[in-house]
Amino acid sequence: MFKKILISNRGEIALRIIRACKELGIKTVAVYSDIDKFSPHVSAADESVSIGEPKAYLNQNLILEIALNTGADAIHPGYGYLSENSNFIRAVEKSKIKFIGPSAKSVEMMGNKLNARKLMLENNVPVVPGSVVPVNRLEDASGIANEIGYPIMLKASGGGGGKGIRMVSDEKELEQAFNLTRSEAKKAFGSDEIYIEKLIINPKHIEVQILGDHYGNHVHLFERECSLQRRFQKIIEEAPSPSIDSELRLKITSAAVQAAKACNYFNAGTVEFLMDENRNFYFLEMNTRIQVEHPVTESITGIDIVKEQIKIAAGERISFEQDDVAIKGHSIECRINSEDFDFSPSTGKITNHKIPNLPGVRVDYGIDIGSEVSLYYDPLLSKVISYGRNRREALARMLNALENYLITDVETNIPFLKQILKSEIFANASFNINTLKNAAFTKEENTDLEIAAVIAAVMNYRGRFKVNGNLINNQNRWTELKYD
C-alpha cells in the first residue's frame, strides 16, 4: 500500500480523497493556489505546498516536481484538471510514481469520442446513429445529416464538460453551426475534429459506475440518474434511477461492463448512456475518472469508491465480487453552486458556513469560513447527499438539509434546487435532459425574518427574540424560518 499520496486537485474532491487516505493510514500532500490558501483541504492534509497562480493546478511539471520532492509514491487527480490528461499520466508513470486512475491508453481511447464510438460498435454496445469518421467538410456533414435525419448534434471528438456541442434542427442551420462547433472545438480541445450524431429527442441521461483491476476483473455498481441538467451540466443526481426496472438494469449494466472490458479498463470509470422515450439506450461516452456524483452510488452500495481506486492502483484486486453488490435504499445528490438567481457567477469571501447535521445527510464541501470564491474555478461549492430507505424518504431528508444549509457572502442555487425537488416533475420522475433548459430561477425575497435568522446563526445565538412582532426561536435551525 502507498505511504504518501499527493492530491493534484482542490475543493470538495481534494478533501474527499484526504478523508479516504486517512482511513487507510496514508499520508497526504495537498497543493493550493494563492486563492485557495484558506480552503479546507489545505489544513486537512498532512503536508501542503503552494503552487501560486490560480491556473497552476494544470501545471504538469510543477505538480510532478512537488510529488517527487515530498516523497509521494502516488498521485490522485480527482476529477477535471489533469485527471484525463494522457501526457500527464505517462509522465507520472515514467517517474515511477503511481497514477491513481486508468492507463494513458484507456484515457486516449475513450477521451476521443469518435474513437470511443467505433470501439463500442465493434463490441456490440449500442451507440447513437451518426458518423464513424471525422466530418471535415460541410458537404459531408450535409450528406450524413440527410441520411440519419434532422435534428442532429454536432460534437467535438475531444469534447467534454458540455463544450463543443451544438444542436442543428434543419439544413438552414447547418453551415453556421458546423463552423462554430469546429472553431469552439479547436479553441477548447486543440483539435477541430467533430462528428455527427442523431439527436435523441428528450432523452434521459443514465450512467453506470464501473470498477476494474489489473487482473481483468470488472464490476458495476449499478446506475445513476443524471437527467436534471442545465447547459449540459448536471445539478441533481440520484441512485438508483427511478426510470429503470430490474430487466433494463441488467441490460444497461451489462453493456457498461462490456464497454470497460473493450478498452481493458482498470480503476474507477463511468459509462454514460442516453435513453429514449421507448427505453432504448445508447452509449454516449465514458468518463475515465471519479465522478462528482459518486457519493450516491456509495450510499446505496456501501462501497467506498475512492478507497477502491487507491487499492486498485496499489495492485490489489477489487475487494468484492459482482454478486456481493446490492442496491439498498435510495440516494439523492444536489450540487451547491455559487450562482445568483439569474445563474450569473457569484463571488466573495465566506464568513459563515453551517452545514446541516441531520440523519441520512452527508455534505462533501470544498469551502469553509475564510474561503474565497472566485471566477477562476468551477462554481461547485459543495454537494449535499441524502439517503433514505426509499426515494420518498431520501427526498424529504434532502429538502430538510437544504432548508438547514447556511452559506453567507455568496449567492447559491439552493432556492433553485428546492424548487425542482418540490415539483411534480421530480416527484414522478418525468424529467429529461431538456426539462431545465428554460427553467426559471424564482428569487426568494430577503425579508426581515431571513436577515434576523442569518444574524442569529452567525452569532450562534440560542434564544428567542422578536422581529416585527414575530417571535423567533433560534436553535441553530435558521432556515426553518418561513415568511407569511
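Quick check for you: which residues of the range 231-256 have the amide N under 19 Å from the point 7 Å beyond the Cα of Asn428 toward its beta carbon? In the range 231-256, the label zone of Asn428 (backbone N under 19 Å from the point 7 Å along Cα→Cβ) covers 242-245. Each eigenvalue of the Cα gyration tensor of the chain, multiplied by 5 and square-rooted, gives one semi-axis; in descending order these are 36, 29, 23 Å.
Considering every Cα-Cα pair within the range 305-389, what fraction, in whole percent, is farther apart than 22 Å? Pairs farther apart than 22 Å: 50 percent. For the pair the range 102-146 / the range 265-333, the C-alpha centres are spaced 23 Å from each other.
Could you calculate the contour length gain from Ala314 to Arg231, that is, 0.36 nm times the residue separation minus the distance between their Cα atoms, to one decimal place in nm? Don't jump to the answer; show the numbers that get you there.
Values: separation 83, 0.36 × 83 = 29.88 nm, distance 3.76 nm.
Fully extending the segment from Ala314 to Arg231 adds 26.1 nm.
For the listed residue pairs Lys98/Lys261; Lys113/Lys251; Lys186/Lys251; Lys105/Lys437; Lys186/Lys307, the alpha carbons are over 28 angstrom apart in Lys186/Lys251; Lys105/Lys437; Lys186/Lys307.
Rule-of-thumb check for the range 4-100: C-alpha Rg over 2.2 N^0.38 Å?
Taking the Cα Rg and dividing by 2.2 N^0.38 Å, one obtains 0.95.
Sequence gap at least 6, Cα distance under 8 Å: using those rules, report the relative contact order of the chain to the nearest whole percent.
14
I need the shape label for the range 204-427. Rule: rounded when a/c is under 1.5, else prolate if a/b > b/c, else oblate, with a, b, c from the alpha carbon gyration tensor.
On the way: a/c = 1.81, a/b = 1.52, b/c = 1.19.
Note, shape of the range 204-427 comes out prolate.
The Kirkwood radius of the range 225-278, taken over pairs of alpha-carbon atoms, gives through the Stokes-Einstein law at 10 °C and 1.306 mPa s a diffusion coefficient of 124 µm² s⁻¹. Counting every other Cβ atom within 10 Å of each residue's Cβ, Lys105, Lys354, Lys172 order from fewest to most as Lys172, Lys105, Lys354. Its Cα centre serving as origin, the chain has a Cβ charge dipole (Lys and Arg +1, Asp and Glu -1) of approximately 820 debye. With each label point set 7 Å from Cα along the Cα-Cβ vector, what nm distance links Ile201 and His214? So the two model labels end up 5.1 nm from each other. Pair-distance distribution of the range 129-198: all C-alpha pairs, bin width 5 Å, starting at 0; shares per bin in whole percent are 3, 21, 34, 26, 13, 3.
Checking the a/c ratio against 1.5 first, then a/b against b/c, what shape does the Cα gyration tensor give for the range 35-154? It comes out prolate by the Cα gyration axes.
As an exercise, use a Förster radius of 60 Å and the Cβ-Cβ distance of Ser142 and Ser374 to find the FRET efficiency, rounded to the nearest 0.05.
About 0.85, to the nearest 0.05.
Spacing of the modelled spin labels on Phe38 and Ser344, each 7 Å from Cα toward Cβ, amounts to 2.5 nm.
Multiplying the sequence separation of Tyr150 and Asn280 by 0.36 nm and subtracting their Cα-Cα distance, what value in nm do you get? Mind showing how you got there, number by number?
Numbers: separation 130, 0.36 × 130 = 46.80 nm, distance 1.88 nm.
Taking 0.36 nm per residue and subtracting the Cα distance, the gain is 44.9 nm.
In order along the range 353-358, the phi-based Karplus estimate (6.51 cos²θ - 1.76 cosθ + 1.60, θ = phi - 60°) of 3J(HN,Hα) comes to 9, 10, 7, x, 9, 9 Hz; Gly and Pro are listed as x. All alpha carbon pair distances within the range 160-288 were sorted into 10 Å bins beginning at 0; the resulting P(r) in whole percents reads 12, 36, 34, 17, 2, 0.
I need the helices of the chain that pass two filters: whole DSSP H segments spanning 20 Å or more by Cα along the axis, and mean Kyte-Doolittle score no lower than -1.0. Write down the numbers at each step before the final one.
Details: long enough: 171-189 (27 Å, -1.06); 246-262 (24 Å, 0.22).
Within the chain the helices that satisfy the rule are 246-262.
Read-outs: derived from the displayed coordinates by stated rules, not from any lab. Everything quoted here is computed from the prediction, not taken from an experiment. Reconstructed Cβ throughout: ideal geometry from the backbone, glycine too, with neighbour counts over all protein chains shown.
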